[in-house]
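Below is one structure, written out as structure tokens, with a few remarks after it.
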Amino acid sequence: QVQLEESGGGLVQAGGSLRLSCTAFGRTFSNYAMGWFRQTPGREREFVAAISRSGDITRYADSVKGRFTISKDNAENTVYLQMNNLKPEDTAVYYCAGRTAYYSTPYYIRPVDYDTWGQGTQVTVSS
């Protein structure tokens, strides 16, 4: 019912910044908790950041804490990932994901917890 579409990926030099966007089509996602994941060939999909349905609670992987910021604009049905001070090890395909959230668990960090995924957008950081 809900389709997620990412944009904003590209090639950037180490130390640079990118902002990824993920827009939901088909319905409002104000009741959705959202997450960002990334994946490289031969590795499991890795948690990057998560945000609660209202956007007031966030969670980050240690590897990106202090550099990345997740935010959610419910009026525009869009979640963002602002990525600053990018490093070559950030190179990956980035995916956004969503699911209906519950009060007991405001955010989710496992891929299996999500039921709606975007197509992915490539981020490449050169050294």
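Key figures for this structure:
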| read-out | value |
| --- | --- |
| Hits in segment 43-73 (condition: in contact (Cβ under 8 Å) with a residue 60 or more places away in the chain and hydroxyl-bearing (Ser, Thr, Tyr)) | none |
| Among (1) on the phi > 0 side of the Ramachandran plot; (2) open to solvent by less than 20 Å² (accessible area, probe 1.4 Å), the one test that Gly8 misses | (2) |
| In segment 55-104, residue least open to solvent (accessible area, probe 1.4 Å) [restricted to those that are under 13 Å from the mean Cα position of the chain (by Cα) and of a type in the set (S, T, N, Q)] | Thr78 |
| Elements of type strands (runs of 3 or more DSSP E) in segment 45-127, at least 1 residues being over 22 Å from Gln13 (Cβ atoms) | 46-51, 58-60, 68-73, 78-83, 92-100 |
| Total residues in segment 14-29, condition assigned to a strand (DSSP E or B) and of a type outside the set (Lys, Arg) | 7 |
| Residues of segment 79-104 satisfying the condition of being modelled with pLDDT under 95, touching a strand residue (DSSP E or B) at 6+ places or on another chain (Cβ under 8 Å) and of a type in the set (S, T, N, Q) | Thr100 |
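The values are calculated or read from the model by the stated rules, or taken from the named source; none is laboratory data. Everything quoted here is computed from the prediction, not taken from an experiment. Using ideal geometry, Cβ is built from the backbone for each residue, glycine included, and neighbour counts are taken over all protein chains shown. All accessible areas refer to the heavy atoms of the entire protein, side chains included, with ligands and DNA or RNA removed. Shrake-Rupley method; radii C 1.70, N 1.55, O 1.52, S 1.80 Å.
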